[in-house]
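Colleague: One structure is given below, represented as structure tokens, and several questions about it will come after.
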Amino acid sequence: MFILFFALWLLMAGTMTVSTCLWGAAVSGMLCWYCRRTLGYQWQWRRYTIRQLWSAVCYLWNLLLEMLKAGVVVMKLIYTRGRNMEPKLIWFDTTLQSNRSRAVLANSITLTAGTITVEAQNGRFCVHALDASLAENIESCQFQKQLKELEA
């Protein structure tokens, strides 16, 4: 955790001088102490931690690609004259169990251009799509499969 706090400090500082590193080390140490003492946070290495980390990186990569693809589709919809958009509301249920995974799914859908999560309650999602083509197979998207893998 110290390394993550220190890396975040360096990213926000923008420069790498001796004084920046010393202050970053001091602040990172205090934050680690605070998280362990007050919040009860303990880092435990488990056999599946590295696998989950790799799955999370793959998920973020897939999210970035889907955001780019959806952005291109939305640009085509906007700049193509004579194209009639068909906005659509879609309701679907998810098999994700944890609230964290459901929130990540809702935010991932909203981050992709042309779709927004209108409601997410008890595993039931309502998604508004700018066009019906953006809503195809949204109930069985890759996001859900990867999040299900992260839950396991």
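Colleague: Is the stretch 99-117 home to any residue that is more than 20 Å from the chain's Cα centre (by Cα) and either in the same structural domain as residue 147 (by TED's automatic domain parsing) or among the β-branched types (Val, Ile, Thr) (or both)?
Modeller: So far as the stretch 99-117 goes, no, none of its residues is more than 20 Å from the chain's Cα centre (by Cα) and either in the same structural domain as residue 147 (by TED's automatic domain parsing) or among the β-branched types (Val, Ile, Thr) (or both).
Colleague: Could you please tell me which pairs satisfy a Cβ distance under 8 Å, a separation of 6+ or placement on different chains, a first residue in the stretch 85-96 that is free of Cβ contacts under 8 Å to residues at least 60 places away in the same chain and acidic (Asp, Glu), and a second residue that is surrounded by 12 or more Cβ atoms within 10 Å (Cβ to Cβ) and not in a strand (DSSP E or B)?
Modeller: Hits for this filter: 86/131; 86/132; 93/123; 93/139.
The values are calculated or read from the model by the stated rules, or taken from the named source; none is laboratory data. Since the structure is predicted, the reported quantities are computational estimates derived from the model, not experimental observations. Positions of Cβ are generated from backbone atoms using ideal geometry, with glycine treated the same way; all protein chains shown enter the neighbour counts.
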